[in-house]
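As structure tokens, the structure follows; a few thoughts come after it.
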Amino acid sequence: MFRQMTEAHYSIYLNLFQTDIDLTDFLMEILLVIRDLVTKNVYPKDWNEMIMLQNSVFLKALRCFSHTIRDRFKDPFADQLWNNFFHCAIAFLTQETLQLENFSSTKRHKIISRYKDMRRETGFEIRSMWFNLGNHKFRFIPAMVGPILEMTLLPETELRKATIPIFFDMMQCEFNQVNPLFRKGHIRAKFDEVETEIITKLDVLVEGGRGDEQYRDLFYEILYGLFDGHTQMRDQGLTFVDLVHKLLQRLLEYRTIINDENKENRMSCTVNLLNFYHEIDRQEMYVRYLHKLSDLHLECDNYTEAAYTLLLYTKLLGVSSFWTYTITEFVYQSFLLQNQGCQVFK
């Protein structure tokens, strides 16, 4: 039915709802249905034509719904409806069946010639919706940083160019947000929440296979240009851009080497990231890589080194010297017992 509908049909149908509450309920429900269908595909994976046809219908529907949401639910603002749209649209463009780089060249060209790259079209719609939020953007910061970041990491150049500037807008919004702890009109003058969210989510997403050298360079180029032209945010912004560039470099190296059979290379790369997070005072990420390094040492039967790695963690926790000695001694004694063919606690 949706396939047969034009934009005029959508407009007529949506105008039939007598109250905004009824329309909101319909849009909320239909967005949840679309999100559910793209995350749990009802068709077998090899039914490519049906899947692409379904996606093209969903894309047309999302475009029509976005216009209605912008026109009728901005004042008064329906934050849950907007939130549902963003999450539905991002789930749509990040679905596995739209990742054209995973297809053969022939199949990819066939899809593009018939349907274009639907990720790009959806990304443009999300960008438009974001910049139409106006003074309501703060409601989605920092919660939307992760989903937007996942979208920008998709390997589609035009999509990246269109959506990476959203991060600058997010940071500008947080920077200019009025601080309630100070006198009226005093702004936060920092964007630490967005910065922290980007760094934390980048670590997970890049390790999971997202991102590449082109993304690293494009992220740097676009945001450097935007911050360089902003008087108030310039210094903080350029520092942040440089930090993320260095982080992406280390994360990409880590991802390349982590499956290397040479465990010394893996340890070296892990230590590089661990030290980097320590230098920029990101304690949670530092602890994460302390555990990774400890696990690597245990794989290599380096029990003493594993103990000293955990010792660094105990220092962060402020554990007394007695307990840090006990932990180190326990791991070391375990190593000695295993070498003697004994079992701990036996």
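In segment 69-96, the residues that are without any contact (Cβ under 8 Å) to a residue 40 or more places away in the chain and at negative phi reach residues that are assigned to a loop (DSSP other than H, G, I, E, B) and open to solvent by 20 Å² or more (accessible area, probe 1.4 Å) with C-beta atoms within less than 9 angstrom, at least six apart or across chains, in these pairs: E96/N41; E96/K45.
Select from segment 50-93 the residues that are polar (S, T, N, Q) and farther than 20 Å from L154 by Cα and write down the one among them that is surrounded by the most Cβ atoms within 10 Å (Cβ to Cβ). Once the filter is applied, the top-ranked residue is N84. Screening T270 with (1) open to solvent by 60 Å² or more (accessible area, probe 1.4 Å); (2) in a helix (DSSP H, G or I); (3) of a type in the set (S, T, N, Q) gives one miss only, at (1). Looking only at residues of segment 273-287 that are in a helix (DSSP H, G or I) and aliphatic (A, V, I, L, M), we find that the one that is farthest from T314 (Cα to Cα) is L273.
H230 passes every criterion in (1) on the phi < 0 side of the Ramachandran plot; (2) within 22 Å of the chain's Cα centre (by Cα); (3) not in a helix (DSSP H, G or I) apart from (2). Screening E253, E207, E221 for residues that are modelled with pLDDT of 95 or more and either open to solvent by 70 Å² or more (accessible area, probe 1.4 Å) or closer than 25 Å to P147 by Cα (or both) leaves exactly one candidate, E221.
Scoring P142 on the criteria (1) touching a helix residue (DSSP H, G or I) at 6+ places or on another chain (Cβ under 7 Å); (2) surrounded by fewer than 18 Cβ atoms within 10 Å (Cβ to Cβ); (3) not in a helix (DSSP H, G or I) leaves a single failure, condition (2). Of everything in segment 110-133 that's on the phi < 0 side of the Ramachandran plot and free of Cβ contacts under 8 Å to residues at least 24 places away in the same chain, which residue is surrounded by the most Cβ atoms within 10 Å (Cβ to Cβ)? If we take residues in segment 110-133 being on the phi < 0 side of the Ramachandran plot and free of Cβ contacts under 8 Å to residues at least 24 places away in the same chain, then K110 is surrounded by the most Cβ atoms within 10 Å (Cβ to Cβ). In summary, V194 fulfils each of the numbered conditions (1) hydrophobic (A, V, I, L, M, F, W, C); (2) assigned to a loop (DSSP other than H, G, I, E, B); (3) modelled with pLDDT of 95 or more with the single exception of condition (2). The listed residues are L293, L298, L316, L312, and the only one of them that is touching a helix residue (DSSP H, G or I) at 6+ places or on another chain (Cβ under 7 Å), modelled with pLDDT of 85 or more and either under 30 Å from R216 (Cβ atoms) or of a type in the set (F, W, Y) (or both) turns out to be L293.
The values are calculated or read from the model by the stated rules, or taken from the named source; none is laboratory data. On a predicted model such as this, the values are computed, not experimentally measured, just so you know. Because the Cβ atoms are built from the backbone with ideal geometry, glycine has one as well, and the counts that use them run over all protein chains shown. Areas reflect the complete protein model, heavy atoms only, side chains present, ligands, DNA and RNA absent. Shrake-Rupley method; radii C 1.70, N 1.55, O 1.52, S 1.80 Å.
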